[in-house]
């Protein structure tokens, strides 16, 4: 328990100490690989932004090597056809549970650029001694997605 | 080939060991492989499990069943896992099903998530792979072994076959007759055999060469051995060996052959048996001494052969040391002949009766003495002594006493002469003394007088008193000659001179020498005359038939037409010829001459009916080949045999009556007419006359010339009558006048010969004379 607290503190500290631009760079490389590990469909990767995070979304889109990457705003996501998404990357915090569940229903992989938004994501970035994927196993499991066991070995498992 | 020592056997063993090793190795390997493979499998599985542990643990922790299944399926497929059971507190995951418990392996591992055990994973997997792998491996191994067997079998068979080739080759080598073959005839495809063959060929050549040399050597050895044996045989040498320590004795085989001994002489004591009793002790003693001192000795001894013949031997006996062993070696030389030779030598130079020198001995010593005399400027005198009438003494007292007399006489002479003088007996009753350092005749006189005074006393031989008398002739060295034979001859002549003059001794003087010189000269001249054709000629004295008063024959008489002295009658040269052997040559010369003349006369009108009489000397008559010679002449010259007559003197005819009768018979068989010449001077008995095969009696001219003497007339008458009785012709020789002729006519002789009618004349004169006489 104490360990967890310390880690959280360190996380918070580190997270607060990190630069989001740098994180986006790491994520732009990591997230596509995670996506490839789990699915090989031709569906889109969607980067979702709000009025404040557009620039992060654009940057991310620029950095991700995938061709089929679209940007949609927060407002559009509820009305979009989630069936065509293989993964979404949120660029903001405070995500709605409902949205998350819906995405999970459609077996869409949920990412967030903010490492501490793991509770509402399947994957974020874990920044510690090493930088590795942060995996919300329960959410993945809830979405009934087959996770590549490799991710379980290399990533950090979020346990709530 | 199949003995333990054979290469093939060893190869077989090697193959067997190899195969067994391989088999065992493979067997062990299979077992090891099984375990190793099994272990590998397990380790691999463990490794995978370990690597997957984290993933699996995470999946199990968060219950990603499909992912779990996926991994388990993946693992199952990979490792032939029959069943996987993951057991946690909350859940158990099972994958697969065990179909067959056979060959199932079990593995259990803890499952840990973040270093916390969350469960266990049990794996049931099949080692089918291992077994499958092993089966493959075993199959390959078996195939490999079979192939190996096959290959080794083929290899073995090949080796066996090739080794058999060696065997065959060896058998050929075995049969090689190194005496004939220098090279093996064997073709082989293999270098090894070829190499061996070449080596053997080289060896064979060397052996053959060596063998040839050995053969030559053996031939030489045998040749030398045979020569040695022959040499031993010829020189009658025996070698023998006596090993006295081991009592072994060996002698050459030739000893047995020489003495005709069958028994093998393998024992020293057997050999001793052949040593003469007289020498046995000495022989044994010598052997003993040689053994003790181990030295060398020579001895002379006799050996008795089984047939009791004595042989003289000279033996050299030596002790030799061989390997700390002493052996006696003996070489015995048969000197029996040498002994005889020495005896012969003694006899050659000595007179066996008197023990003095014989002629050769004297001559030999004379040579030495002359050398000394020359050096010391001394003279030698050779005294030739002849015992007078010694033959009579022998006949009177016997030969034994005669020998005794000679011995005593020689002893007497030995006593008289000095030590420096030599004495010898050169004939039965003839002695020679060689006196050293004789100055003149005075010394001779002293010695002779001494001898003569001694022999005045009789020699007492077995109670018989025998008186002897001697004649002696003396010659001097170097005055009268330097040669022994010459001096001897001169001394002998001096003896004859002494006899003639009735003296006891005569020293050679100049007169005698001159006479000798003359004789020599005449003889040489006669020899020359014989070589020439017309120097020695015949003269013919006619013989007249009293009744018919015709010349019916002639007596051929030799004349010498001497180149310096003119015509010489026989009186001048025949006596000299008779003293030498020339008389024989003269006889033959005359015979051939007569044959030649008679052949010529055959064609002569006047001479063809004339019978020629030829005188024959005693020497010629008694010559062994006389008849042969006459036969040869008769074959060479075709004469009328009835015109040829041989005259032999009566004294000759009675010399050896039987021989004379035999020769005369042979002459008669040849068809030759025989006349007994000088009849009445010999001592022929009537019986002898009766036996003699003759045709004509020639009455000696002494009776005819002195026929006036009544006794002579009676003799002539008697002889004539005897001749008539025997139906022989009579010739009266020596009719010198008419008175004698008349008497002869009255007596009734058939033929006459003498100066009354004619002296001997030449052929030419004869022809004229006959012509005139017969036609008067």
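Among the residues of region B:74-91, the ones that are in a helix (DSSP H, G or I) and away from chain A (no Cβ under 14 Å) come to 4 in all.
Selection over region B:698-731 of residues that are without any contact (Cβ under 8 Å) to a residue 24 or more places away in the chain, more than 24 Å from residue B:674 (Cα to Cα) and in a helix (DSSP H, G or I) gives a count of 4. The set of residues from region A:83-96 being touching a residue at least 12 places away in the same chain (Cβ under 8 Å) and either farther than 14 Å from residue A:122 by Cβ or in contact with a strand residue (DSSP E or B) (Cβ under 6 Å, 6 or more places away or on another chain) (or both) comprises A:83, A:84, A:85, A:87, A:88, A:89, A:90, A:91, A:92, A:93. Of all residues in region A:135-150, count the ones that are touching a helix residue (DSSP H, G or I) at 6+ places or on another chain (Cβ under 6 Å), more than 14 Å from residue B:61 (Cα to Cα) and either facing chain B (nearest Cβ under 9 Å) or free of Cβ contacts under 8 Å to residues at least 24 places away in the same chain (or both). Residues flagged as touching a helix residue (DSSP H, G or I) at 6+ places or on another chain (Cβ under 6 Å), more than 14 Å from residue B:61 (Cα to Cα) and either facing chain B (nearest Cβ under 9 Å) or free of Cβ contacts under 8 Å to residues at least 24 places away in the same chain (or both) within region A:135-150 amount to 2.
Does residue A:73 satisfy the criteria of being away from chain B (no Cβ under 14 Å), over 13 Å from the mean Cα position of the chain (by Cα) and more than 15 Å from residue A:32 (Cα to Cα)? Write out each step before concluding.
On the way: away from chain B (no Cβ under 14 Å): yes; over 13 Å from the mean Cα position of the chain (by Cα): yes; more than 15 Å from residue A:32 (Cα to Cα): yes.
When the stated conditions are applied, residue A:73 passes them.
Taken together, B:646, B:633 contain a single residue that is modelled with pLDDT of 90 or more, in contact with a strand residue (DSSP E or B) (Cβ under 9 Å, 6 or more places away or on another chain) and on the phi < 0 side of the Ramachandran plot, which is B:646. Where in region B:220-339 are there strands (runs of 3 or more DSSP E), lying wholly inside it, with at least 3 residues that are in contact with a helix residue (DSSP H, G or I) (Cβ under 8 Å, 6 or more places away or on another chain)? Fully inside region B:220-339 and qualifying: B:237-243, B:296-304, B:310-322, B:325-334. Scanning region B:57-73 for residues that are facing chain A (nearest Cβ under 7 Å), crowded, with 18+ Cβ neighbours inside 10 Å and in a helix (DSSP H, G or I) gives B:58, B:59, B:67, B:71.
Selection within region A:101-117: residues that are closer than 21 Å to residue B:63 by Cα and surrounded by fewer than 23 Cβ atoms within 10 Å (Cβ to Cβ). The member of this set that is nearest to the other protein chains (Cβ to nearest Cβ) is A:107. Listed by position, the strands (runs of 3 or more DSSP E) inside region A:27-129 whose residues that are over 21 Å from residue A:156 (Cβ atoms) number at least 2 are A:44-49, A:69-73, A:85-90.
Yes/no per residue for (1) under 25 Å from residue A:42 (Cα atoms); (2) modelled with pLDDT of 90 or more:
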{"site": "A:72", "(1), (2)": "yes, yes"}
{"site": "A:83", "(1), (2)": "yes, no"}
{"site": "A:89", "(1), (2)": "yes, yes"}
{"site": "A:97", "(1), (2)": "no, no"}
{"site": "A:114", "(1), (2)": "no, yes"}
{"site": "A:131", "(1), (2)": "no, no"}
{"site": "A:144", "(1), (2)": "yes, no"}
{"site": "A:151", "(1), (2)": "yes, no"}
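The residues of region B:284-299 that are farther than 14 Å from residue B:244 by Cβ and surrounded by 14 or more Cβ atoms within 10 Å (Cβ to Cβ), listed by number, are B:297, B:299.
Set side by side, the residues B:572, B:562 differ, and just one is surrounded by 14 or more Cβ atoms within 10 Å (Cβ to Cβ) and closer than 20 Å to residue B:619 by Cα, which is B:572.
Residues in region B:24-56 that are within 19 Å of residue B:110 (Cβ to Cβ), away from chain A (no Cβ under 14 Å) and either touching a residue at least 40 places away in the same chain (Cβ under 8 Å) or not in a helix (DSSP H, G or I) (or both): 3 in all.
The values are calculated or read from the model by the stated rules, or taken from the named source; none is laboratory data. This is a predicted model, so every value here is computed, not measured. A quick note on method: Cβ atoms are made from the backbone with ideal geometry, for glycine too, and the neighbour counts reach across all protein chains shown.
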